[in-house]
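Working notes, structure below.
The values are calculated or read from the model by the stated rules, or taken from the named source; none is laboratory data. Since the structure is predicted, the reported quantities are computational estimates derived from the model, not experimental observations. Every residue, glycine as well, gets a Cβ built from its backbone with ideal geometry; the counts of neighbours run over all protein chains shown. Protein only, heavy atoms only, side chains kept; ligands, DNA and RNA dropped before computing areas. Shrake-Rupley method; radii C 1.70, N 1.55, O 1.52, S 1.80 Å.
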Amino acid sequence: MSLRLFVPFDLAAGAGLVLAREQSHYVATVMRARAGQAVALFNGRDGEWLAVLDDVGKGGVRLTVGAQTRPQAPEPDIWLLAAPLKKDNTDLVAEKAAELGASALWPVFTRRTNAARVNAERLRAHLMEAAEQCERLTVPELKPPAALDQVLAGWDSGRTLLFLDEGGSGAPLPEVAAGLSGKLALLVGPEGGFAPEERDLLLRLPFARAVSLGPRILRAETAAIAALAVVQALAGDWKWRPRQA
Ligand code: SAH
């Protein structure tokens, strides 16, 4: 498998880089990379670059950056707000959000959220790994976990909030998404769904719209993944073109 790494460094032809300890370990020990091997690098700002591993020894992995392979390109601005789930399902949502092109993941605590806290470091690692693997040029931002009320109180009204309502109050998501552009966000509830007072509040907010994914009640992780796929297809990746082989 070819190596592709998200790095914090500025990327430019000829730059020499030394990876941090954890990433060096990943490259040398987990991926068993060898000196001379090619690696793709991205940092979310400078596009994608080809680099060569100079040294994979104990002092940290060293590389030299070669040519740029892709310029940085604009990406759809779609946030996923999701109530934290059981650990594995939260990990799954993070991975799939990155693959489906979410620009940010925001863990949001609702009344019926069972998880008491989220492991931000772990989520960030999942977002990064998925971004590396799926050839994105960015890693989704992880927003600091917060209570739903606070998130809504500080909302930027220029960003449309699509609230995934399993209660059937919403218009079909594909219909709504087809008419949208600009800054978007999806809000998915926890296993127990939204509390009535949360639904009432959301339905009154001018920037929020209730949307439905159809007649079946989906698990929260399924709803998050399905909703992102629909929004990305109908209101997101419109300017995206496959790269030349
Ligand atoms: N236990 C709840 C279901 C929660 S499903 C109940 O029985 O009412 C978890 C979350 O997935 C919901 O809060 C909602 O955001 C989303 N979801 C599931 N199915 C959906 C559907 N058909 N339409 C819209 N959102 C859905």
* Candidates Pro242, Pro144, filtered to the one that is more than 16 Å from the ligand (Cβ to nearest atom) and either modelled with pLDDT of 95 or more or in contact with a Cys (Cβ under 6 Å, 6 or more places away or on another chain) (or both) -> Pro144
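Residue by residue, here is whether (1) at pLDDT 95 or above; (2) more than 24 Å from the chain's Cα centre (by Cα) holds:
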site: Asp10; (1), (2): yes, no
site: Ala15; (1), (2): yes, yes
site: Leu19; (1), (2): yes, no
site: Gly59; (1), (2): no, yes
site: Leu105; (1), (2): yes, no
* Among the listed residues Ala102, Ala116, Ala67, which satisfies the condition of being surrounded by fewer than 15 Cβ atoms within 10 Å (Cβ to Cβ) and assigned to a loop (DSSP other than H, G, I, E, B)? -> Ala116
* **Looking only at the stretch 164-198, and only at residues there that are open to solvent by 50 Å² or more (accessible area, probe 1.4 Å) and near the ligand (Cβ under 10 Å from one of its atoms), the one that is modelled with the highest pLDDT** => Pro172
* Structure fact -> Being over 26 Å from the mean Cα position of the chain (by Cα), assigned by TED's automatic domain parsing to the domain that holds Val65 and part of a loop (DSSP other than H, G, I, E, B) narrows Ala35, Ala28 down to just Ala35
* Going through the stretch 1-13 one residue at a time, which ones are open to solvent by 60 Å² or more (accessible area, probe 1.4 Å) and more than 20 Å from Gly59 (Cα to Cα)? -> Met1, Ser2, Asp10, Ala13
* To do: Enumerate the pairs (first residue in the stretch 17-31 and farther than 17 Å from Phe42 by Cβ; second residue anywhere and open to solvent by 30 Å² or more (accessible area, probe 1.4 Å)) with beta-carbon separation below 7 Å, excluding pairs fewer than 6 apart on the same chain, so at least 6 apart or on different chains.
  => Val18/Arg62; Ala28/Val56
* Residue list for the stretch 70-91, filter: part of a helix (DSSP H, G or I) and within 14 Å of the ligand (Cβ to nearest atom) -> Asn89, Thr90
* **Search result, residues across the stretch 14-64 that are more than 25 Å from Pro140 (Cβ to Cβ), of a type in the set (A, V, I, L, M, F, W, C) and open to solvent by 30 Å² or more (accessible area, probe 1.4 Å)** => Val18, Ala35, Ala38, Val52, Val56
